[in-house]
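Below: the structure, in C-alpha cells.
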Amino acid sequence: MTVPPADPSPGPSPGPSWSSARGAEDDTVPIPGSQVPTSGERPVPAPVSGAGPAPGTSTAPGAEVTEETAPPARVPRNHAADRAAVRAFRPRRVVPAVITAVLMTALGAVVAAEVISALLGRPLRWIPYDRVLSWASTTRWDDSRVLFGAGVVALLGLLLVLLALVPGRPRLIPVRTGDPDLIIGMQPRGFTRALSHAAEQVPGIDRARVRLRGRTAEVTAHSPLREPAGLAEAVQRAVTTRIAALGPLKDYPVRVRLRGE
C-alpha cells in the first residue's frame, strides 16, 4: 500500500497568527501618514507632534528645540472660600490678650478684696481710697494731671482696639482652593524656599534668597556673569510664575536685586 506524500503547501490556518520575530518585515502594519516601505527598506514612522526631531536627523546650526509648556491652571476665585481661609489663619493676638486679661483680673481681685473686707468691718486699705477721694473732690477737670491721666487711659484703650481690629502677620499663608470647606496654608519659610528654588533654576544664577517685605517678595540673586543683560527680568518672570502656580490669596509683587560675584 502506497502512502501519498504530504502536500508541502500548508492549508488555511484556523486563526490569525502573530509573528514576534524581529526580522519579520511582512507583518508590519503601515502607520497612516508614513511612507510605505519598499523591499529591503525599514519602515519610517510618522513624526509625533511635540516629540522633537527624530533620532538621527540633523538640525541647522544655531537652531534650538523648545518645548511649549502650558501656564499653570489657576483656581477660580471664590470670595466665600477666601474669607474662610483668612479667618482661619488670622493671628490670635495671644500676647496682648494675655497681658490685658492678667491686668484686668488683678485689678478686679484687688477691688473685690477691698469691698469684701470693708463689708466685714476690717478694710485692707491696699488702695488709699480716702486720699484718692479727697484729691478727686478738690481737683478740677481741666487740671493738667487729670488731662494727662485721661490721655494715657484713652491711648491704652485705643491701642487695644487697634490690636483687635487691625490684622497682623498671619501664621500661615492661605492658598486659594475655591472651596470654603477646604482650607490650605503654607508656612512662610516654605513659601520663600519655593521662590528661591525657582530663581535658582534660571540659567546664570548661582544662588538666590527671597524675603517677604509686607506684600512684596524681594529676591536677592547672585550671578557670576559680568554682563547679565536681561537676567533680572528672567528671574522676575520665573518667580512670578512660581507664585501663580502656588496660588496664594494675596498677590506678591516681585522685586529683584541682582548681585555679581
When you scan the stretch 222-235, do you find a residue that is surrounded by 14 or more Cβ atoms within 10 Å (Cβ to Cβ), of a type in the set (Asp, Glu) and either at pLDDT 90 or above or assigned to a loop (DSSP other than H, G, I, E, B) (or both), even just one? no
Test set (1) touching a helix residue (DSSP H, G or I) at 6+ places or on another chain (Cβ under 9 Å); (2) open to solvent by 30 Å² or more (accessible area, probe 1.4 Å); (3) among the hydrophobic types (A, V, I, L, M, F, W, C) - LEU165 fails condition number: (1)
In the stretch 236-261, residues that are part of a helix (DSSP H, G or I) and closer than 24 Å to ARG226 by Cβ total 4
Please go through the stretch 137-170 and give me each residue that is in contact (Cβ under 8 Å) with a residue 40 or more places away in the chain and more than 23 Å from GLY214 (Cβ to Cβ), ordered by number. LEU160
Looking only at the stretch 168-211, filter to residues that are polar (S, T, N, Q) and farther than 21 Å from ALA232 by Cβ; which one of those is least open to solvent (accessible area, probe 1.4 Å)? THR177
Going by what's in this entry, would GLY260 be described as at positive phi and either surrounded by fewer than 17 Cβ atoms within 10 Å (Cβ to Cβ) or at pLDDT below 90 (or both)? no
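The values are calculated or read from the model by the stated rules, or taken from the named source; none is laboratory data. Small disclaimer: the values here were computed from a predicted structure and weren't measured. Cβ atoms come from the backbone with ideal geometry, glycine included; neighbour counts cover every protein chain shown. Remember, those area values only see protein heavy atoms, side chains included, never the ligands or the DNA or RNA. Shrake-Rupley method; radii C 1.70, N 1.55, O 1.52, S 1.80 Å.
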